[in-house]
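Encoded as structure tokens, the structure appears first; notes follow it.
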Amino acid sequence: MSDDKSLKPETIAAHAGRMSFEHYGVVNTPVYRASTILYRTLASLESADVPYTYGRKGTPGSESFETAINELEGGARTMVAPSGLGAIAVAIQAVCGAGDHLLMVDSCYHPTRLLCDRTLKRFGIETTYYDPQIGGGIEKLMKPNTRAVFCESPGSLTFEVQDIPAVAAVAHRHGASVLLDNTWATPLFFNAFAHGVDLSIQAATKYVGGHADVMIGYVAANESHRARLEHAHHDLGLYASGDDCYLALRGLRTMPVRLARHQENGLKLACWLSQHPAVSRVLHPALESDPGHALWQRDFKGACGLFGVVLKDIPHSRLAAFMDSLKLFGMGYSWGGYESLIVPAKIHRTVAPFAAEGPVVRIHAGLEDPDDLIADLEQALAKCA
Ligand SMILES: *Cc1c(COP(=O)(O)O)cnc(C)c1O
């Protein structure tokens with residue numbers, strides 16, 4: 001089915017990567033637990049004419065998942081990683097080495113910043129942070145040794161939308177690669193390769209898994225980055241377990257319908273919150289009032305259930321009263337599962353400060369009834385008035 005370019009994403013998500021008739025007709029590729037894989041003869045071992053050679057290098061389970069994702073992304077090769085952060089680390093190491101310069105968006109996921117400031121620095125990779133709203137202005141930050149521009153759009157705490165095509169045009173003119181953490185939009189709502197991205201990264205822990213029970217990530221590469229990704233991935237020994245590949249692929253099958261509902265619920269909550277007297281503003285690119293709305297409308301096909309809320313200035317005790325009163329919103333990191341969540345946003349910036357009038361919280365709209373969620377927010381917000 002990979003040669004049928006006319007299929008819609010929902011159809012690809014339901015069909016791609018299936019190997020049913022290699023498994024007695026069983027619809028889902030079963031869980032393979034394997035380290036050793038046996039060869040029948042010495043000739044077979046010497047010619048390596050077998051699809052699988054060693055557990056770390058892939059099993060039918062990881063192949064099913066990678067194939068399905070690769071078709072959805074429209075990439076040349078997708079490789080699974082043990083977590084989203086692991087996927088980010090391998091993607092950067094596929095294109096940067098000692099003496100190279102990396103441009104990193106200032107609104108990046110905080111552990112990505114720590115990776116740059118600690119480990120990558122120790123390996124001789126220099127990072128410069130840039131304003132998420134820089135667009136084509138990134139030209140002035142390019143150096144002769146700039147190998148990669150890393151984007152995350154929108155940022156998962158402050159939700160600024162980046163002009164990826166403008167950034168990519170400059171990067172490519174300077175021979176640099178474009179990497180994108182596309183976890184917020186997923187390949188369903190933002191087509192990374194069509195907008196100039198070379199390595200598309202996903203914390204599949206979030207919407208792909210979708211049920212808060214698996215840590216997994218992936219990197220999808222275009223043709224020009226395929227070999228570099230394969231080499232870095234093999235050399236670093238990355239691997240995801242058969243169980244985790246199974247859960248992630250199972251999640252992928254229903255991701256389109258889940259995301260549609262996350263989007264609908266997220267927008268309902270965002271609209272309701274934007275009218276509430278305790279709220280200063282809502283950070284959600286699908287709202288017309290959002291500074292990133294025009295770019296979002298131009299480049300994205302939808303919005304997930306994750307957005308930010310800047311509350312009016314209140315003492316910390318009131319914030320605690322609000323959050324502790326919520327009954328349907330769990331307080332916890334991560335997002336993308338079926339359940340609603342809330343966390344205070346801890347914002348780390350070095351070049352593009354984010355000015356907030358009051359405390360910022362991040363909400364993930366789950367799959368519950370939106371009126372129940374709104375009623376819960378209403379009773380809890382009354383506590384911070
Ligand atoms: C969670 C997250 C990651 C990291 O994914 P893990 O699977 O937790 O390692 C990366 N980027 C973004 C935007 C995330 O939200």
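Here is what passes the span test in the chain: the DSSP H helices with alpha carbon length of 24 Å or more along the helix axis and a Kyte-Doolittle mean of -1.0 or above are 242-274. One chain, two ends: residue 123 and residue 268. Fully extended at 0.36 nm per residue, the span grows by 47.6 nm beyond their Cα-Cα distance. Take the cross-link list 140/206; 312/383; 121/143; 206/301; 346/383 and give me the ones stretching past 24 Å between alpha-carbons. In this structure, 140/206 lie more than 24 Å apart at Cα. The accessible surface of the chain, taken with every protein chain in place and a 1.4 Å probe, is 55 percent carbon and sulfur. Could you compute the FRET efficiency for residue 382 and residue 275, with r as their C-beta to C-beta distance and R0 at 22 Å, rounded to 0.05? Between residue 382 and residue 275 the formula returns 0.90.
Given a 1.4 Å probe and the protein chains as shown, residue 181 ends up with an accessible area of around 10 Å².
If you plug the beta carbon distance of residue 375 and residue 26 into 1/(1 + (r/R0)^6) with R0 = 51 Å, you get a FRET efficiency near 0.75.
The string of couplings for the stretch 142-147 from the Karplus curve (6.51, -1.76, 1.60, θ = phi - 60°) is 6, 10, x, 9, 6, 9 Hz, one whole number per residue in order, with x for Gly and Pro.
Checking every one of the chymotrypsin sites (Phe, Trp or Tyr not before Pro) in the stretch 1-66 against DSSP loop status and a limit of 16 other Cβ atoms within 10 Å picks out 24, 39, 52, 54. What FRET efficiency would be calculated for the residue pair residue 317, residue 41, taking the C-beta separation as r and a Förster radius of 51 Å, to the nearest 0.05? That gives a FRET efficiency of 0.10. When peptides 91-97, 351-357, 9-15 are sorted by average Cβ neighbour count within 10 Å, with the highest value leading, the order is 91-97, 9-15, 351-357. Once both labels are positioned 7 Å from their Cα atoms along Cα-to-Cβ, the gap between residue 33 and residue 11 label points is 3.9 nm. Using a probe of 1.4 Å on the protein chains alone, the accessible area found for residue 267 is around 50 Å². Modelled this way, with points 7 Å down the Cα-to-C-beta line, the labels at residue 236 and residue 346 are 2.3 nm from one another. The eigenvalues of the Cα gyration tensor, multiplied by 5 and square-rooted, give the chain an equivalent ellipsoid with semi-axes of 36, 26, 18 Å from largest to smallest. For the peptides 110-118, 75-83, residues were scored by their other Cβ atoms within 10 Å and the scores averaged per peptide; the highest-first order is 75-83, 110-118.
The values are calculated or read from the model by the stated rules, or taken from the named source; none is laboratory data. Predicted, not measured: the structure shown is a model, and the values here were computed from it. Using ideal geometry, Cβ is built from the backbone for each residue, glycine included, and neighbour counts are taken over all protein chains shown. Note: areas computed on protein heavy atoms with side chains; ligands, DNA, RNA excluded. Shrake-Rupley method; radii C 1.70, N 1.55, O 1.52, S 1.80 Å.
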